[in-house]
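One structure is given below, encoded as structure tokens.
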Amino acid sequence: MRGITGGRGILGGTILLAVGFAVLMQATGVADAGAYLFLFLGLAFALAYAAGTHQYVYLVPAATLIGFGLGLIFPTAFGLQARASGIFLGSLAIAFLVIYVLSPSRRIPLGVAAVIGVVALADTFTTIPVVPDAVKPYFVPVILIVTGAYLIWEPKTH
């Protein structure tokens, strides 16, 4: 299947575009330009997912990176820095929910969405430290590392 691009280089091409635009934004002084890199990379994977055969290995990084990027961009763009942590985690939870909705035969993303969503809600609406401050810097990297490992080792039965 040739997809909408007419060729096979959609992922490589869109990743180069994503990085190029993010670096250009940084060079022109756009605030939080680095956050846009995650969004643009997610859009590159989303385009590869939509243009091709809807491969799960494109869907997961697409949703995760878009959620990651939007979670970084929204608090600054809308003056919600006081709620930045909850918004960020909420956007990741929504990303994993989208993965489940588009691929309901795989239930792991739904579980991840639920866990991150509970943490996001608790962080936003309570003063209860669900994730201790000492652990917070590791929370998102661990989620991304585990998600990447899941994609690598996922059985090909789906």
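Read the figures in this text as sums done on the coordinates, not as results from a lab. Worth saying up front: this structure is predicted, and the values here are computed from it rather than measured. Quick reminder, even Gly has a Cβ in these numbers, built from the backbone with ideal geometry, and neighbours come from all protein chains shown.
Which length gain, in nm to one decimal place, applies between THR126 and ALA84 when the Cα-Cα distance is subtracted from 0.36 nm times their residue separation?
13.7 nm
Can you pull out the trypsin sites (Lys or Arg not before Pro) in the stretch 57-131 that DSSP calls coil and that have at most 14 other Cβ atoms within 10 Å?
For trypsin sites (Lys or Arg not before Pro) across the stretch 57-131 that sit outside H, G, I, E and B with at most 14 neighbouring Cβ atoms in 10 Å, the list reads ARG107.
Treat every Asp and Glu Cβ in the chain as -1 and every Lys and Arg Cβ as +1, leave all other atoms uncharged, and give the resulting dipole magnitude about the Cα centre to the nearest 20 debye.
420
Taking the Cα of LYS136, stepping 7 Å toward and past its beta carbon, and measuring to each backbone N in the stretch 113-130: which are under 20 Å?
Only 115-130 pass the distance filter.
Relative contact order for the chain: what percent, with Cα pairs under 8 Å and sequence separation of 6 or more?
RCO, the chain: 15 percent.
Mind checking the stretch 22-92 for chymotrypsin sites (Phe, Trp or Tyr not before Pro) that DSSP puts in a loop (not H, G, I, E or B) and that have at most 15 other Cβ atoms within 10 Å?
Sparse-neighbourhood loop chymotrypsin sites (Phe, Trp or Tyr not before Pro): PHE78.
Ranking request for peptides 93-103, 137-147: highest mean number of other beta-carbon atoms within 10 Å first, then the rest in descending order. Please list the in-between numbers first.
Working: 93-103: 19.7, 137-147: 13.3.
For the peptides 93-103, 137-147, the packing ranking is 93-103, 137-147.
Can you tell me how much longer the chain between VAL115 and LYS156 gets when fully stretched, taken as 0.36 nm per residue apart minus their C-alpha distance, in nm with one decimal?
12.2 nm
Top mean-square fluctuation among ASP123, ASP32, ASP133, Gaussian network model of the chain, C-alpha springs under 10 Å?
ASP133
Using a ≥ b ≥ c from the Cα gyration tensor of the stretch 84-139 (square roots of the eigenvalues), is it rounded, prolate or oblate, where a/c under 1.5 gives rounded and otherwise the larger of a/b and b/c decides, a/b for prolate?
Since a/c reaches 1.5 and a/b is larger than b/c, the shape of the stretch 84-139 is classed as prolate.
Quick one: check the C-alpha center-to-center distance for the stretch 15-78 versus the stretch 124-147, whole angstrom.
22
Just from its helices, what would the mean residue ellipticity at 222 nm be for the chain, if runs of 4 or more DSSP H residues each count -39500 (n - 2.57) and the sum is divided by every residue, rounded to the nearest 500 deg cm²/dmol?
So the helix-based figure for the chain works out to -24500 deg cm²/dmol.
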